[in-house]
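Below is one structure, written out as structure tokens; comments come after it.
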Amino acid sequence: MEKIEDILKKRILVLDGAMGTMLQRYKFKEEDFRGERFKDWTSDLQGNNDLLSLTQPEAVKEVHRSFLQAGADILETNTFSGTTIAMADYGMEELVYELNYESAKLAKEVADEFTDKNPNKPRFVAGSIGPTNKTASMSPDVNDPGFRAISFDELRIAYKQQVEALLDGGVDILLVETIFDTLNAKAALFAIEEVKDERNIEVPVMVSGTITDASGRTLSGQTAEAFLISISHIPILSVGFNCALGAKQLVPHLEVVSAKSEFAVSAHPNAGLPNAFGEYDETPEQMAAQIKEYVEKGLVNIVGGCCGTTPEHIKAIADVVKDYEPRSLSLSVIC
């Protein structure tokens, strides 16, 4: 299969959309999340989307398939919360390896189906590595600003376990995404480098931060440029942003990283900003019109969707970007 680094020189690649948004359409109830295997589990499991890779694997594969049919080149695994830290909410820390391994296998099976049908358009699987629900840089207690709920080493160990399982399951890329605290991301990137060294392998790594509000900063206070500088010592495939903002609001931040980075630039924004009910109203046509500005300005190499984005959004985006050249870049720094 042609290497993703080579394809990035030729065209803009399309990432998939929101797994969570699509799984919500199934209206799974508690018993659906539990399945037969976990019917007697002591804690509530509804909302644990990663678990659906074990209890509703066909639904997860259907979602993957729908995004590839829409034109996506890269699938994200259903592993956004696949660490012992996040799974502690459900008492499922011991299942972390299996959850990541099986999720990777599901995505890879579907990706291979499509690649086999059209070898000229290879489909890749990115192991989704979320930020966890704890932050290493900030205190969760306003009365104790020096307190930390998690240490760098605890994060590193948890991420390493996730990375090993994703690689064993067959992912082509590792995607450290929705980064609100760069110290958390550094722990993930450190763990990835450890695994690469131990296994004597190379694997493309995507890094995607989150600008949380109109201040133009991540939750831990970094500007887009500061975020870029703080992760640029790692050999990565791409740097970019996802979540929190819609496509329009991301433009100035993408302009910064595009101008200053030698890496590929990615963006997978939400379908606009959430409404009063926490839902996303931006239509595929509206979102694609915003993405068109990205490609007209030559800002991106990889583009897709985050919260609220459906196969219809991804198809509209894919239809727009196919007519544009990718952002020019030097791939000399990419492993």
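The values are calculated or read from the model by the stated rules, or taken from the named source; none is laboratory data. Note that this is a predicted model, so its numbers are computed, not measured. Note: ideal-geometry Cβ built from the backbone for every residue, glycine included; neighbour counts use all protein chains shown. SASA here: full protein model, heavy atoms, side chains in, ligands and nucleic acids out. Shrake-Rupley method; radii C 1.70, N 1.55, O 1.52, S 1.80 Å.
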TODO: Just need the relative contact order of region 131-197 here, percent rounded to a whole number, with Cα pairs under 8 Å and 6+ apart.
DONE: 40
Task: Cα-centred dipole magnitude for region 248-306, charges only on beta-carbon of K, R (+1) and D, E (-1), debye, nearest 20 - done: 200
Task: region 145-204, accessible surface, carbon-and-sulfur percent (1.4 angstrom probe) - done: 53
- [ ] Please identify, among T283, T132, T178, the residue showing maximal mean-square fluctuation in a Gaussian network model of the chain using a 10 angstrom Cα cutoff.
- [x] T283
- [ ] Loop only per DSSP, at most 14 neighbouring Cβ atoms within 10 Å: give me the trypsin sites (Lys or Arg not before Pro) in region 34-72, ordered by residue number.
- [x] R37, K39
TODO: Report, largest value first, the span of the C-alpha coordinates of region 48-142 along each principal axis, in whole Å.
DONE: 53, 27, 18
- [ ] List every residue whose amide H lies under 5 Å from the amide H of H268, counting only residues 5 or more places away in sequence or on a different chain, with H placed 1.01 Å from N in the peptide plane.
- [x] F241, N242, C243, G304
Task: Burial order of peptide ranges 133-139, 15-21, 319-325 (average beta-carbon count within 10 Å, highest first) - done: 15-21, 133-139, 319-325
Open item on the list: Run the reach check for K297 against lysines, Cα to Cα strictly under 21 Å, same-chain hits fewer than 8 apart removed. What comes back?
Closed with: K9, K10, K248, K260, K315, K322
Open item on the list: Test of the criteria: in region 247-319, which chymotrypsin sites (Phe, Trp or Tyr not before Pro) are in a DSSP loop and have at most 11 other Cβ atoms within 10 angstrom of their Cβ?
Closed with: F277
Open item on the list: Counting only Cα atoms, I'd like the Rg/Rh figure for the chain, Kirkwood definition for Rh.
Closed with: 0.94
Open item on the list: Tell me the relative contact order for region 163-252 as a rounded percent, counting alpha carbon contacts under 8 Å between residues six or more apart.
Closed with: 32
- [ ] Straight distance only, please: which lysines reach the Cα of K160 with their own Cα at less than 22 Å, same-chain residues fewer than 8 apart left out?
- [x] K105, K108, K134, K186, K196
TODO: Take every Cα pair under 8 Å in the chain that's 6+ residues apart, average their separations, divide by the length, and report that relative contact order as a whole percent.
DONE: 20
- [ ] Considering only DSSP beta bridges where both residues belong to the chain, give the percentage that are antiparallel (nearest 5).
- [x] 5
Task: region 270-327: radius of gyration over Cα atoms, expressed as a fraction of 2.2 N^0.38 Å - done: 1.12
Task: Whole-Å semi-axes of region 219-335's equivalent ellipsoid (Cα gyration tensor) - done: 24, 18, 11
Open item on the list: Using the Cα centre of region 64-194 as origin and beta-carbon charges of +1 (Lys, Arg) and -1 (Asp, Glu), tell me which of M87, A126, N143 is placed farthest towards the positive end of the dipole.
Closed with: A126
Open item on the list: Given a 1.4 angstrom probe, what's the average accessible area per residue across region 150-202, in square angstrom?
Closed with: 35
TODO: Would you mind counting up the charge near S137? Only other residues with Cβ under 13 Å from its Cβ, with Lys and Arg at +1 and Asp and Glu at -1.
DONE: +3
Task: Principal axis box of region 104-247, alpha-carbon based, largest edge first, Å - done: 57, 36, 26
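Suppose every Lys and Arg Cβ carries +1 and every Asp and Glu Cβ carries -1, with no other charges. What dipole size does the chain come out with about its Cα centre, to the nearest 20 debye?
Taking the Cα centre of the chain as origin, the dipole is about 740 debye.
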Open item on the list: Using a 10 angstrom Cβ neighbour count of at most 10 plus a DSSP loop assignment to flag exposed GluC sites (Glu not before Pro), which longest range of the chain is free of such sites?
Closed with: 37-201
